[in-house]
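In what follows, a structure is listed as structure tokens, so that the remarks can point back to it.
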Amino acid sequence: MTRPLLSLASLVCALASLAFPAHARGSSLAGETFVLDPGHGTRHADGTPLNVGAVGPDGVAEADVTLAVAEDLRALVERSGGRVVLTRSHAKRYRIAYDIPHDNHARAALANRIGATAFIAIHADSSTSSASHGTSVFWLRPNSVRLANAMRTQLATLGLGESEFRPRHLAVTDEARVPAVLVELGFVSSPTQERLLATPAFQAREARVLFRAIQETFGR
């Protein structure tokens, strides 16, 4: 007996179900607040750079990549009903700060002060070796483990490899009392990953996997 061919509509639905598992589709984030922290992009009050982050061999700046991904992620979270607080944005690309440790502490303090559902710091990695590659997820407190595991699982779908996944003492993980993770999106020092990280379509993919991890952890 010959099997009937799938209609185009059926095929689209089938592919969508693979991309967005049933437990994630339609999960609402209403009532939840997320602090998204695109790494670096800090300036002194006079406009001179304070903490610009890594820059790849072709000039791709970590601060630009993290901001693009955070803005894409904000749109997804807000579309799902959640509230987002960005530590910097397209409208305000630079944070004004006077020293790096104080700036790091202030961002964790913001998440604590507003009682955020979670704090997500977004970074891109760098190394003196161009062979270094992969994503990383760092966390510290037990209340962050579930989110960290979800981030790890979803980031693996990008095919970039994994650099590190472990508890780590960082200003944001030490001081944020709410669930907090720091995610490294890949290595700008890797020519291959630098090209990917500079591509808007890939930045959108990165945002989608982070969003799925948030949905899995906090959606209902």
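Scan the stretch 40-68 residue by residue and report those that are part of a loop (DSSP other than H, G, I, E, B), β-branched (Val, Ile, Thr) and crowded, with 19+ Cβ neighbours inside 10 Å. Before the answer, list the steps.
If we filter the stretch 40-68 for residues that are part of a loop (DSSP other than H, G, I, E, B), which is where we start, we get 40-41, 44-48, 52-54, 56-60.
In the following step, the residues that additionally are β-branched (Val, Ile, Thr) were identified as 48, 52, 60.
Scanning the stretch 40-68 gives a single hit, VAL60.
Just to be sure before I move on: is PHE119 farther than 15 Å from LEU36 by Cα and either touching a residue at least 40 places away in the same chain (Cβ under 8 Å) or buried (at least 21 other Cβ atoms within 10 Å of the Cβ) (or both) in the structure I sent? Taking the combined requirement at face value, the residue does not satisfy it. Residues that are surrounded by fewer than 18 Cβ atoms within 10 Å (Cβ to Cβ), touching a Phe, Trp or Tyr at 6+ places or on another chain (Cβ under 9 Å) and in a loop (DSSP other than H, G, I, E, B) do not occur anywhere in the stretch 88-101. When the stretch 1-55 is limited to residues that are β-branched (Val, Ile, Thr) and at pLDDT below 80, the one that is farthest from LEU147 (Cα to Cα) turns out to be THR2. Filtering the stretch 162-220 to residues that are under 14 Å from GLY134 (Cβ atoms), in contact with a Leu (Cβ under 6 Å, 6 or more places away or on another chain) and among the hydroxyl-bearing types (Ser, Thr, Tyr) leaves nothing. Within this structure, ARG107 passes the test of being crowded, with 17+ Cβ neighbours inside 10 Å and charged (D, E, K, R). Selection within the stretch 184-220: residues that are part of a helix (DSSP H, G or I) and among the β-branched types (Val, Ile, Thr). The member of this set that is nearest to LEU158 (Cα to Cα) is VAL209. For the stretch 131-183, the candidate set comprises residues that are part of a helix (DSSP H, G or I) and hydroxyl-bearing (Ser, Thr, Tyr); within that set, the residue that is modelled with the lowest pLDDT is THR173.
The conditions of being at pLDDT 95 or above and surrounded by fewer than 22 Cβ atoms within 10 Å (Cβ to Cβ) are met by GLU71. Evaluation of SER126 against the conditions (1) closer than 23 Å to GLY219 by Cβ; (2) surrounded by fewer than 21 Cβ atoms within 10 Å (Cβ to Cβ) shows that the sole unmet condition is (1).
Per the conditions (1) farther than 16 Å from LEU210 by Cβ; (2) under 14 Å from the mean Cα position of the chain (by Cα), the sole criterion not satisfied by TYR94 is (2). Taking each residue of the stretch 131-153 that is buried (at least 21 other Cβ atoms within 10 Å of the Cβ) and of a type in the set (Ser, Thr, Tyr) and looking for partners that are in a helix (DSSP H, G or I) and modelled with pLDDT of 95 or more with beta-carbon atoms closer than 7 Å, six or more apart or interchain, yields THR135/LEU155.
The values are calculated or read from the model by the stated rules, or taken from the named source; none is laboratory data. A quick note: this is a predicted structure, and the numbers were derived from the prediction, not measured. In this analysis, Cβ positions are derived from the backbone assuming ideal geometry, glycine residues included, and neighbour counts consider all displayed protein chains.
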